[in-house]
1. Considering the stretch 43-61 alone, what residues qualify as being within 23 Å of residue 236 (Cβ to Cβ) and either part of a loop (DSSP other than H, G, I, E, B) or touching a Ser or Thr at 6+ places or on another chain (Cβ under 6 Å) (or both)?
2. Could you identify the single residue in 150, 97 that is modelled with pLDDT under 95 and under 23 Å from the mean Cα position of the chain (by Cα)?
3. Does the stretch 125-133 include one or more residues that are open to solvent by 40 Å² or more (accessible area, probe 1.4 Å), among the charged types (D, E, K, R) and at pLDDT 95 or above?
4. From the list 86, 77, 29, pick out the single residue that is within 18 Å of residue 108 (Cα to Cα) and of a type in the set (D, E, K, R).
5. I need a count of the residues in the stretch 105-124 that are basic (Lys, Arg) and open to solvent by less than 30 Å² (accessible area, probe 1.4 Å).
6. Look at residue 33 and say whether it is open to solvent by 10 Å² or more (accessible area, probe 1.4 Å) and more than 13 Å from the chain's Cα centre (by Cα).
7. Which residue out of 181, 202 is open to solvent by less than 30 Å² (accessible area, probe 1.4 Å) and not hydrophobic (A, V, I, L, M, F, W, C)?
8. Report, by residue number, each residue of the stretch 75-98 that is assigned to a helix (DSSP H, G or I) and under 10 Å from residue 338 (Cα atoms).
Amino acid sequence: MSRLAIATPHRLASEAGAAAFRAGGTAVDAALAAAAVLAVVAPQDCALGGDAFALVALPGGEVHAVNGSGAAAAAVDPAAVRARHDGTMPIRGPDTITVPGAVAAWEAVGRLGARLPWAERLAPAAAHAREGAPVSPVLARALAAEAPLIRADPGLREVLGEGTLRQPALADTLEALRDGGADALYRGEVGARLVAGLRALGSPVAEADLAAHATELTAPLHTRFAGRDVLTAPPNSQGYVLLELLRPLEQVGGVPDPAGRELEALAALCRHAAAERDRTLADPRVHRAGGDTVAIAALDDEGHAVSLIQSLYWAFGAGVLEPATGILCHNRGAAFSLHPGAPNALRGGARPPHTLMPVLVRRDGQIEGAHGTMGGRAQPCIHLQVLLRLLRGASASEAVAAPRWIVDPGGRLLIEEGAGAPPPDAIVLEPHRDEAGHAQVARWGEGGLEAGADPRADAGAALVVTR
């Protein structure tokens with residue numbers, strides 16, 4: 001008998017992962033089946049036109065960091081972008097679209113421990129796109145909040161204008177990917193149709209940019225904390241920020257209570273680390289430097305573990321759904337700077353800085369947990385609190401459901417009711433707000449495998465299944 005723990009922010013995704021495991025797959029198959037379904041049922045957060053990062057642990061103890069972020073088009077003209085937008089990098093539209101890396105990342109992750117055929121992992125997503133899927137309350141809130149954006153794009157209006165999720169063009173694309181693999185996007189007809197649609201809107205992304213894309217596999221970054229190794233992805237991910245938060249805590253010793261008297265000190269630490277990240281984070285291939293997202297955590301009792309994070313950046317990404325392919329495009333390019341000397345300056349072939357940060361925790365040489373969260377810039381802060389709660393004895397469900405606080409982009413402390421005594425200048429939020437992120441955990445607890453799905457993602461599902 002084998003077991004799997006999986007947590008995602010949507011019931012249909014978790015069920016697809018569980019089905020893949022029952023069909024003979026590993027935690028890797030489960031995570032990938034879930035990721036594909038999320039790209040259909042959670043268009044506010046992720047899509048085929050987005051990026052992905054992952055950490056994959058194998059039974060022998062090997063851990064791989066998978067960087068599935070795409071670069072700016074080779075032909076991008078920073079001066080022209082600057083002129084079109086009064087010197088400021090836009091946050092939506094064709095100029096924010098970079099090469100999507102998620103689909104290639106799925107294929108790379110699959111080579112690291114999946115057992116099922118690629119087509120079998122994509123089949124549930126294609127079925128949901130073809131047959132339709134219910135609109136979750138999280139998506140409904142995003143639709144209401146972004147109504148002007150949706151009205152402005154014909155593709156989005158057609159798919160989401162009535163609040164439905166029937167996506168026949170996306171179903172065709174998923175079926176082409178199911179039959180032709182990732183090459184159908186990066187070197188085939190799907191990519192050709194996508195590029196034709198984007199270039200008609202003024203995007204410089206070309207077929208050659210898709211063909212040049214490559215997923216990067218590296219060793220993860222790690223640090224010691226409380227008798228564990230905490231692992232994450234290297235830049236252009238912001239994962240190293242979590243390690244910078246943990247190192248001074250390790251020197252002090254003990255495991256602080258994130259809702260206790262250390263709250264203000266921890267928040268100050270998060271604020272300082274975020275400022276340093278904003279100053280230095282860039283693509284290390286071109287500059288060496290000191291939103292909206294979904295997280296999938298999966299762990300099986302054979303020793304496979306996956307933390308996979310995929311995103312469009314802002315809600316509905318660039319606000320551009322290419323109608324021929326049904327692909328919704330991310331706006332990761334909005335994270336570039338138009339200042340030529342900046343570490344993250346816009347240039348052809350450069351990857352933008354990324355908020356996505358998968359996390360694994362290892363104890364005595366064995367993976368203890370797979371953690372992930374949405375939350376944009378606040379992800380290191382959210383990860384810190386979830387980890388501290390787990391180490392203080394909380395179950396996976398308790399750790400992700402507990403009230404949290406974050407430091408927003410302006411440096412303000414936002415604190416949910418029940419997350420501790422708020423300082424005088426804090427902004428108090430109602431419990432379980434989207435601003436505090438949607439965290440997912442699959443881990444070995446005291447009673448065996450357990451999973452926790454964040455109740456802030458109200459369609460979330462945490463499952464422990466056997467076969």
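The values are calculated or read from the model by the stated rules, or taken from the named source; none is laboratory data. Not measured: the values here are computed from a predicted model. Backbone-built Cβ (ideal geometry, glycine too); neighbour counts: all protein chains shown. Remember, those area values only see protein heavy atoms, side chains included, never the ligands or the DNA or RNA. Shrake-Rupley method; radii C 1.70, N 1.55, O 1.52, S 1.80 Å.
1. So the first thing to find is which residues in the stretch 43-61 are within 23 Å of residue 236 (Cβ to Cβ), and the list is 45-57.
Once the filter is applied, which keeps residues that are within 23 Å of residue 236 (Cβ to Cβ) and either part of a loop (DSSP other than H, G, I, E, B) or touching a Ser or Thr at 6+ places or on another chain (Cβ under 6 Å) (or both), the stretch 43-61 yields 45, 46, 47, 48, 50, 51, 53, 55.
2. Values: 97 fails: modelled with pLDDT under 95.
Checking each option against the conditions leaves just 150.
3. yes
4. Numbers: 86 fails: within 18 Å of residue 108 (Cα to Cα); 77 fails: within 18 Å of residue 108 (Cα to Cα).
The unique qualifying residue is 29.
5. 1
6. Against the criterion (open to solvent by 10 Å² or more (accessible area, probe 1.4 Å) and more than 13 Å from the chain's Cα centre (by Cα)), residue 33 does not qualify.
7. Just one listed residue meets the conditions, 181.
8. Applying the first criterion (assigned to a helix (DSSP H, G or I)) to the stretch 75-98 yields 78-84, 94-96.
Listed by number, the residues that qualify are 78, 79, 81, 82.
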